[in-house]
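Student: Okay, handing you the structure first.
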Protein chains: 2
Amino acid sequence: MRLAAVTGLVLAAPAIAGAAAAAEGHSRFGPTLFALALLVGAAKAGGLAAERFRQPAVLGELLVGISVSALWPAVLGGEGIAFVRSDPALLFLAQIGVLILLFDVGLEADLRALARVGLSSLLVASIGIVVPIALGWGAAAWLLPKSPTIAHVFVGAALSATSVGITARVLKDLGVTKTREAQIILGAAVLDDILGLIVLAVVTAIAAAGAAGLALWTVAGILVRAVLFLGAAAVAGHFLSSRIIRLAARTNRPETILVIGLALCFSLAYAAELIGLADIIGAFAAGLLLDPYGRGVRPGQEAATLAELIHPLSSLFVPLFFVLMGIQVHVGSVGTLSAFAFAVVLTLGALVGKAACALGVGAGTNRLAIGIGMIPRGEVGLIFAGIGSSLIVDGQPLLPQSLFSAIVVMVLVTTLVTPVGLRWAFARRAAKGRG
Amino acid sequence: MRLAAVTGLVLAAPAIAGAAAAAEGHSRFGPTLFALALLVGAAKAGGLAAERFRQPAVLGELLVGISVSALWPAVLGGEGIAFVRSDPALLFLAQIGVLILLFDVGLEADLRALARVGLSSLLVASIGIVVPIALGWGAAAWLLPKSPTIAHVFVGAALSATSVGITARVLKDLGVTKTREAQIILGAAVLDDILGLIVLAVVTAIAAAGAAGLALWTVAGILVRAVLFLGAAAVAGHFLSSRIIRLAARTNRPETILVIGLALCFSLAYAAELIGLADIIGAFAAGLLLDPYGRGVRPGQEAATLAELIHPLSSLFVPLFFVLMGIQVHVGSVGTLSAFAFAVVLTLGALVGKAACALGVGAGTNRLAIGIGMIPRGEVGLIFAGIGSSLIVDGQPLLPQSLFSAIVVMVLVTTLVTPVGLRWAFARRAAKGRG
């Protein structure tokens, strides 16, 4: 039924576009290709510039997107930017970027290491999920009392997910990956990813079901489905992972494992959708299935790992996602007072909410480092914002443009603050240790 | 004007699809993702199976596509296959596959080596272009007298382009890459690619301009534009190539050159479209620009080459193109007597047309090997067929389904025949040499 509806829609499009293109003697992909070239190039330039200032690449990619959004209409008119914002082929490639990103996170997640740090991480992660959701929900309800409750919950959920990548990168730069603090942060971050995805599953399903879906049993049903889906992927991974890799190795072609991996990633993304979860949960599950203990999948001793094979793909499509996220920000909308207030309040909520994680560990540990290490919201917060603004409830996007922009600002600030803060927290401790 | 038209079309699509998807609580890419996973997986399996039988992978990918096309409607109904045949996101990814393929061919092309084999190759290549066009044109005019002349020319053009990859692979397998015959074949194949692209530029432009475009001065105009475009790319490559690579090397990131390369590939594809040429000409020009002498672009001594970085991308998207080509074949249409006759006549024309290349070299050379080595039509023939069937002239596809299928059969047969024939030709010569 749903497939049929989609089929009907997409069948119509190429026929018209094809006829129009043929009439003028051009294939229909030229403008999309050019936009793709510009966006990927600009995103890469932004990412490299950010790294030159010792900032995460995602920051540069977002800022490039926001700059394009701000400057394009003035320079080139509104038509081109409208095309870039809504071209289905570009959006599809960006979606492939997010799926590859989450697949990669799933590949790197190590369920055994998680079990080792265990309780401390679980406590830190739980605080880091619950407090930001509560703060975000409360702030949204206070600032936008007329929006539906589900919109408030969505804002809270968008504040909840820590971005492992940014913290891991900074810890590595500081050479403190082996400290107890780093282990707890990284363990909590993996749990945070999983819990965040479950929260996403719950809120998107509720949003789709409408207000009626706020019944507790619906929430419980989605929760159970998400947990079972991820659990099944982990169990399947324990038993099947090495068999799949051996099978791929028998073809003597490195790209076989790449094709198997991506086919699994896209198939489980579809499967997750079919049971009412977000597609990125399926992508994460595929990564978990192929490499449940984060050892690095490689068919043969000297072969490249799957993560290495995916790198060229992700270096192309992941920045595309972030630059398009930046472009979706209507800069004018942040200029209004209310939108600016949203941004300030949400950012404060995001900072305080994760700093509360420090309360999850004993006095012997560097609490400041843990509180700051959990702060960055990167890709996952943006994914929440993207899904929230694409969900239509009662004919309106669930997240209005002002909230979407506020979430992007929150992501920018938390990402900016973390590297500086973490360096300071570890340096302070070291100074104390010497004192 | 054109951009505006396309923008309008694509703007409408996501709004509708988005609303439909949101109403049912799903993102709109699930079915496309699943189809992508299935197609890429099936194509890879077919390619690996073909290689196990010492056949080129493209053969297996095409056959898998044709099998899917034949079996799917009976097993799963017509709706799914219609979706796969026309989903714009899948078609866009397949188009990216072709562009990457031609970019790669451009990277490998060595203009200096070409100058060395010089006259012999030029003679062989010219015969190999002119004779098949004449035979294909004649055959189409004989079999389909009512079709417009441009359709006849298009069939001839589709017979003209040799597929370098298949012959190069077989020559390597036989260990005869250094022989004079191999050098002439490979040189002629590069020229053949360039001449084939120019022929494509001319015929697509004429088809788009309609019957009036058959005026000689139009043909000359396109010819001049295509030659200037490729010439400009070669000259720019001579002066800029090493500077671009040094620039990329300064970022210390291997993916920088990948992003630059693909951005250039997609931009020149768009530029080629804008001046009325096919987008693949732009992709080939981008490869020529970055590496005019086929030396292998690498930013730094131990860095991976651009071709290596592209490999994961091409191993995903190129098979997608071929499997979709196979799926476009309506198997029932080859079953009719007239379509079967087309296939037989075109295949004979293709074989005889390239065998004529043997006349281009002196008696001292292994003429048989050269005649057979020029036979395979792979990707380029299929690209011609794909463009021909997507061009709409007077409300009808330029190439009817029966001719499209006949061209695919021709590609299959010429590809199958070459490895066997080349082995025989070199073995025969070796036996004579001993006798």
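Student: Got a sec? Which of B:Val75, B:Val64, B:Val6 is crowded, with 21+ Cβ neighbours inside 10 Å, of a type in the set (A, V, I, L, M, F, W, C) and at pLDDT 70 or above?
Tutor: B:Val64
Student: Return yes when B:Arg112 is among the basic types (Lys, Arg), modelled with pLDDT under 80 and not in a loop (DSSP other than H, G, I, E, B) and no when it is not.
Tutor: no
Student: Let me ask something additional. Sort out which residues of the stretch B:83-126 are of a type in the set (Val, Ile, Thr) and surrounded by 22 or more Cβ atoms within 10 Å (Cβ to Cβ), and write them in order of number.
Tutor: B:Val84, B:Ile96, B:Val98, B:Ile100, B:Val105, B:Val124
Student: For the stretch A:58-85, what are the residues that are closer than 30 Å to A:Gly261 by Cβ and at the interface with another protein chain (Cβ under 10 Å from one of its Cβ atoms)?
Tutor: A:Val84, the sole residue that qualifies.
Student: Here's a follow-up. Taking the conditions exactly as written (within 19 Å of the chain's Cα centre (by Cα) and either of a type outside the set (Asp, Glu) or buried (at least 20 other Cβ atoms within 10 Å of the Cβ) (or both)), does A:Leu274 satisfy them or not?
Tutor: Taking the combined requirement at face value, the residue does not satisfy it.
Student: Is at least one residue of the stretch B:292-314 more than 7 Å from every other protein chain (Cβ to nearest Cβ) and among the aromatic types (Phe, Trp, Tyr)?
Tutor: For the stretch B:292-314, residues more than 7 Å from every other protein chain (Cβ to nearest Cβ) and among the aromatic types (Phe, Trp, Tyr): present.
Student: Something else now. Would you mention how many residues in the stretch A:284-308 are acidic (Asp, Glu) and at pLDDT 80 or above?
Tutor: If we filter the stretch A:284-308 for residues that are acidic (Asp, Glu), which is where we start, we get A:291, A:302, A:308.
Filter once more, keeping what is at pLDDT 80 or above: A:291, A:308.
The total comes to 2.
Student: So if I check each of A:Ala369, A:Ala425, which one is of a type in the set (Gly, Ala, Ser) and out of contact with any Phe, Trp or Tyr (no Cβ under 9 Å at 6 or more places or on another chain)? Explain how you work it out, then say what you get.
Tutor: Details: A:Ala369 fails: out of contact with any Phe, Trp or Tyr (no Cβ under 9 Å at 6 or more places or on another chain).
Going through A:Ala369, A:Ala425 in turn, the sole match is A:Ala425.
Student: Considering only the stretch B:243-280, how many residues are small (Gly, Ala, Ser), facing another protein chain (nearest Cβ under 7 Å) and touching an Asp or Glu at 6+ places or on another chain (Cβ under 9 Å)? Reasoning before the result, please.
Tutor: Step one: of the stretch B:243-280, the residues small (Gly, Ala, Ser) are B:248-249, B:261, B:263, B:267, B:269, B:271-272, B:276, B:278.
Restricting the remaining residues to those that are facing another protein chain (nearest Cβ under 7 Å) gives B:263, B:267, B:269, B:276.
Pick out the ones that are also touching an Asp or Glu at 6+ places or on another chain (Cβ under 9 Å) and you get B:269.
Result for the stretch B:243-280: 1.
Student: Something else now. Return yes when A:Thr336 is at pLDDT 80 or above and among the hydroxyl-bearing types (Ser, Thr, Tyr) and no when it is not.
Tutor: No, not satisfied.
Student: Right, B:Val409: out of contact with any Gly (no Cβ under 9 Å at 6 or more places or on another chain) and among the aliphatic types (A, V, I, L, M) or not?
Tutor: Answer is yes for this residue.
Student: Can I ask one more? So, in the stretch B:220-271, of the ones that are hydroxyl-bearing (Ser, Thr, Tyr) and farther than 23 Å from A:Ala49 by Cβ, which residue ends up farthest from the chain's Cα centre (by Cα)?
Tutor: Here is the first cut: in the stretch B:220-271, the ones hydroxyl-bearing (Ser, Thr, Tyr) are B:241-242, B:251, B:256, B:267, B:270.
Within this subset, residues satisfying the condition of being farther than 23 Å from A:Ala49 by Cβ are B:241-242, B:270.
On the way: B:Ser241: 25, B:Ser242: 28, B:Tyr270: 18 Å.
Per the criteria, the residue is B:Ser242.
Student: Of all residues in the stretch A:350-385, count the ones that are buried (at least 24 other Cβ atoms within 10 Å of the Cβ) and over 29 Å from A:Ala430 (Cα atoms).
Tutor: 6
Student: So is B:Phe34 of a type outside the set (A, V, I, L, M), within 10 Å of chain A (Cβ to nearest Cβ), part of a helix (DSSP H, G or I) and within 27 Å of A:Ile257 (Cβ to Cβ) or not?
Tutor: Spelling it out, B:Phe34 is indeed of a type outside the set (A, V, I, L, M), within 10 Å of chain A (Cβ to nearest Cβ), part of a helix (DSSP H, G or I) and within 27 Å of A:Ile257 (Cβ to Cβ).
Student: Oh, and also: Among the residues of the stretch A:374-407, count how many are more than 17 Å from the chain's Cα centre (by Cα) and away from chain B (no Cβ under 14 Å).
Tutor: Result for the stretch A:374-407: 4.
Student: Also, quick follow-up: From the set of residues in the stretch B:295-312 that are without any contact (Cβ under 8 Å) to a residue 40 or more places away in the chain and under 21 Å from the mean Cα position of the chain (by Cα), which is surrounded by the fewest Cβ atoms within 10 Å (Cβ to Cβ)?
Tutor: Looking at the filtered set, the residue picked out is B:Glu308.
Student: May I pose another question? Kindly provide the set of residues from the stretch B:385-402 that are among the polar types (S, T, N, Q) and either out of contact with any Phe, Trp or Tyr (no Cβ under 7 Å at 6 or more places or on another chain) or free of Cβ contacts under 8 Å to residues at least 12 places away in the same chain (or both), ordered by number.
Tutor: B:Ser390, B:Gln396, B:Gln401
Student: What's the number of the condition B:Gly213 fails, among (1) surrounded by 15 or more Cβ atoms within 10 Å (Cβ to Cβ); (2) modelled with pLDDT of 75 or more; (3) over 21 Å from the mean Cα position of the chain (by Cα)?
Tutor: Only one criterion in (1) surrounded by 15 or more Cβ atoms within 10 Å (Cβ to Cβ); (2) modelled with pLDDT of 75 or more; (3) over 21 Å from the mean Cα position of the chain (by Cα) is unmet by B:Gly213, namely (2).
Student: What are the residues in the stretch A:42-57 that are modelled with pLDDT of 80 or more and not aromatic (Phe, Trp, Tyr), if any?
Tutor: Listed by number, the residues that qualify are A:Ala42, A:Ala43, A:Lys44, A:Ala45, A:Gly46, A:Gly47, A:Leu48, A:Ala49, A:Ala50, A:Glu51, A:Arg52, A:Ala57.
Student: A follow-up question, please. Exactly one of (1) surrounded by fewer than 21 Cβ atoms within 10 Å (Cβ to Cβ); (2) touching a residue at least 60 places away in the same chain (Cβ under 8 Å) is unmet by A:Asp291. Its number?
Tutor: Condition (1) is where A:Asp291 drops out.
Student: Hey, does the stretch B:225-242 have a residue that's away from chain A (no Cβ under 14 Å), free of Cβ contacts under 8 Å to residues at least 60 places away in the same chain and among the β-branched types (Val, Ile, Thr)?
Tutor: yes
Student: Residue by residue through the stretch B:135-144, note down the ones that are assigned to a helix (DSSP H, G or I), in contact (Cβ under 8 Å) with a residue 40 or more places away in the chain and aliphatic (A, V, I, L, M).
Tutor: Hits for the stretch B:135-144 are B:Leu135, B:Ala139, B:Ala140, B:Leu143.
Student: Next question, about the same structure. Quick one: would you say B:Ala339 is closer than 30 Å to B:Ala113 by Cα and in contact with a helix residue (DSSP H, G or I) (Cβ under 9 Å, 6 or more places away or on another chain)?
Tutor: Here the answer is no, as B:Ala339 does not meet what is asked.
Student: Just checking, which of A:Ser126, A:Ser160, A:Ser147, A:Ser120 is outside any helix (DSSP H, G or I), small (Gly, Ala, Ser) and either modelled with pLDDT under 80 or over 15 Å from the mean Cα position of the chain (by Cα) (or both)?
Tutor: Result: A:Ser147 is the single residue among A:Ser126, A:Ser160, A:Ser147, A:Ser120 that is outside any helix (DSSP H, G or I), small (Gly, Ala, Ser) and either modelled with pLDDT under 80 or over 15 Å from the mean Cα position of the chain (by Cα) (or both).
The values are calculated or read from the model by the stated rules, or taken from the named source; none is laboratory data. Predicted model only: the values in this text are computed from it and were never measured. Positions of Cβ are backbone-derived with ideal geometry, glycine not excepted, and every protein chain shown enters the neighbour counts.
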